[in-house]
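> Next up is a structure, given as structure tokens.
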Amino acid sequence: MIETRLLRQFIAVAEELHFHKAAIRLHMAQPPLSQAINRLEGKLGFSLFTRNKREVKLTPAGSAFLNAAYSTLKELELGVEHARQVSEGVAGKLTVTAVSIAYYESLLNAFRQFRETFPKVQLIIKEMPSSSQAKAILSAEADIAFMRRLPIAAENVESRLLLDEEIVMALPTHHPKAQTGQIDLRDFAGEDFVFTPQALGPGYHSQLIALCEAAGFYPKVVQEAAQIHTLIGLVACGFGVALVPESIANSIMRDKVVFRRIFPVTESPNPAIGLYMSWHTHNESPLIDSFISMLDFSRKPQVQGAPAEQVR
């Protein structure tokens, strides 16, 4: 390993081609500078200069090494500056996992604002189910996760509720209840349901099952779909009905699917489905705080493109 101090001393001599002038430039005596160059040549195993009483010249190897010295110090300078920016939270990499975010305008705006505010940060967004997100946070493969519920107990994961949204019923347009206002979940006890697989989001899945059980039945699940787009597509094709977050009323297939609010199953309001921002408490990345500053944790989801009569 060659010390950067030796590289700077070599560059001074190479640029001055005079040991005395180089020593003055470096604010040091000439003998120690000559010794340093000899030591550097000993480390490299070849001569950098030819010198006599009248002149000092770079050898061909010395000229080649001068370019390498310039490049090394420049790269180090850039690396130090980048590391400083990372420590200040204005550069680096932020890996975010999320459930399908296409329906959440506030979250999409936060991503846009973050990119504009921190252009030197590499923002990586990965869509995945909540169960996979939890593992990614715990294994440090992700910095931030946007999930329904933390599906496993973890003391070192902090979560903050980003928004709460109603559970609504997705119905094909030809369904007998499609033209009604609010629906009574008990009327769907004999219906076919489309669900997301339990393994992909145990907390989310359990919440929907519990809502049906509170209405006096266990849903007859005839088909599962890992992606919400696929689930809505199956509803449109008549496979069954589905309980989904209110934000899905922004579906691109709303000409084939309608969404209806559900009368409270009990005297208490139906439980809401929360979208949580989670991160590992041992993750010291300042970018997490930078991203949190972009979010509004007090807003309801904005359902764009869904007329008022669609979700009622």
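The values are calculated or read from the model by the stated rules, or taken from the named source; none is laboratory data. Please read all numbers here as calculations on a predicted model, not as lab measurements. Cβ coordinates were reconstructed from backbone atoms using ideal geometry, including for glycine residues, and neighbour counts include every protein chain displayed. Areas reflect the complete protein model, heavy atoms only, side chains present, ligands, DNA and RNA absent. Shrake-Rupley method; radii C 1.70, N 1.55, O 1.52, S 1.80 Å.
> Considering only residues that are outside any strand (DSSP E or B) and in contact with a helix residue (DSSP H, G or I) (Cβ under 9 Å, 6 or more places away or on another chain), look in segment 47-56 and name the one that is surrounded by the fewest Cβ atoms within 10 Å (Cβ to Cβ).
First, the residues of segment 47-56 that are outside any strand (DSSP E or B): 47-48, 52-55.
So of that shortlist, the ones also in contact with a helix residue (DSSP H, G or I) (Cβ under 9 Å, 6 or more places away or on another chain) come out as 47-48.
Values: SER47: 15, LEU48: 22.
Per the stated criteria, the residue is SER47.
> On the given criteria, is GLY201 more than 14 Å from ILE262 (Cα to Cα), touching a Pro at 6+ places or on another chain (Cβ under 8 Å) and either exposed (fewer than 14 other Cβ atoms within 10 Å of the Cβ) or among the small types (Gly, Ala, Ser) (or both)?
Details: more than 14 Å from ILE262 (Cα to Cα): yes; touching a Pro at 6+ places or on another chain (Cβ under 8 Å): yes; either exposed (fewer than 14 other Cβ atoms within 10 Å of the Cβ) or among the small types (Gly, Ala, Ser) (or both): yes.
So GLY201 fits the description; yes.
> Before we move on, is ARG148 open to solvent by 80 Å² or more (accessible area, probe 1.4 Å) and either at pLDDT below 90 or not assigned by the TED database to the domain that holds VAL265 (or both)? Lay out the reasoning, then the answer.
On the way: open to solvent by 80 Å² or more (accessible area, probe 1.4 Å): no; either at pLDDT below 90 or not assigned by the TED database to the domain that holds VAL265 (or both): yes.
It is false that ARG148 is open to solvent by 80 Å² or more (accessible area, probe 1.4 Å) and either at pLDDT below 90 or not assigned by the TED database to the domain that holds VAL265 (or both).
> Can you name the residue in segment 173-198 that is surrounded by 19 or more Cβ atoms within 10 Å (Cβ to Cβ) and under 36 Å from the mean Cα position of the chain (by Cα) and is also farthest from SER132 (Cα to Cα) among such residues? It would help to see each step written out before you state the result.
Residues of segment 173-198 surrounded by 19 or more Cβ atoms within 10 Å (Cβ to Cβ): 175, 183, 185, 188, 193-196.
Those still in the list that are under 36 Å from the mean Cα position of the chain (by Cα) too: 193-196.
Numbers: PHE193: 24, VAL194: 21, PHE195: 18, THR196: 14 Å.
This residue is PHE193.
> Of the numbered conditions (1) open to solvent by less than 60 Å² (accessible area, probe 1.4 Å); (2) in contact (Cβ under 8 Å) with a residue 24 or more places away in the chain; (3) under 20 Å from ASP255 (Cα atoms), PRO219 fails exactly one; give the number of that condition.
Every condition holds for PRO219 apart from (3).
> Does segment 57-65 contain at least one residue that is crowded, with 17+ Cβ neighbours inside 10 Å and in contact with an Asp or Glu (Cβ under 8 Å, 6 or more places away or on another chain)?
No.
> Only one residue in THR59, THR72, THR50, THR97 is assigned by the TED database to the domain that holds SER139 and either hydroxyl-bearing (Ser, Thr, Tyr) or under 17 Å from MET1 (Cα atoms) (or both). Which one? Lay out the reasoning, then the answer.
Working: THR59 fails: assigned by the TED database to the domain that holds SER139; THR72 fails: assigned by the TED database to the domain that holds SER139; THR50 fails: assigned by the TED database to the domain that holds SER139.
Answer to the check: THR97.
> Any idea how many residues of segment 127-140 are open to solvent by 70 Å² or more (accessible area, probe 1.4 Å) and within 21 Å of VAL86 (Cβ to Cβ)?
Here is the first cut: in segment 127-140, the residues open to solvent by 70 Å² or more (accessible area, probe 1.4 Å) are 127, 135, 138, 140.
If we keep only those that are within 21 Å of VAL86 (Cβ to Cβ) too, we end up with 140.
Going through segment 127-140 one residue at a time, the tally reaches 1.
> Consider only pairs whose beta carbons are under 9 Å apart and that are at least six residues apart or on different chains; among these, list those whose first residue lies in segment 256-284 and is of a type in the set (Gly, Ala, Ser) and whose second residue is open to solvent by 70 Å² or more (accessible area, probe 1.4 Å).
These pairs meet every condition: GLY274/ARG149; SER278/GLU158; SER278/ARG160.
> Kindly indicate which of LEU66, LEU78 is under 30 Å from PHE46 (Cβ atoms), touching a helix residue (DSSP H, G or I) at 6+ places or on another chain (Cβ under 9 Å) and in a helix (DSSP H, G or I).
On the way: LEU78 fails: touching a helix residue (DSSP H, G or I) at 6+ places or on another chain (Cβ under 9 Å).
The unique qualifying residue is LEU66.
> Separate question: Would you confirm whether any residue within segment 113-125 is in contact with a Leu (Cβ under 8 Å, 6 or more places away or on another chain) and open to solvent by less than 20 Å² (accessible area, probe 1.4 Å)?
Initially, segment 113-125 is screened for residues in contact with a Leu (Cβ under 8 Å, 6 or more places away or on another chain), giving 114-115, 118, 121-124.
In the following step, the residues that additionally are open to solvent by less than 20 Å² (accessible area, probe 1.4 Å) were identified as 114, 121.
Among the residues of segment 113-125, at least one is in contact with a Leu (Cβ under 8 Å, 6 or more places away or on another chain) and open to solvent by less than 20 Å² (accessible area, probe 1.4 Å), which makes the answer yes.
> Another question about this same structure. Among (1) assigned to a loop (DSSP other than H, G, I, E, B); (2) open to solvent by 20 Å² or more (accessible area, probe 1.4 Å); (3) of a type outside the set (A, V, I, L, M), where does GLY89 come up short?
Every listed condition holds for GLY89 apart from (2).
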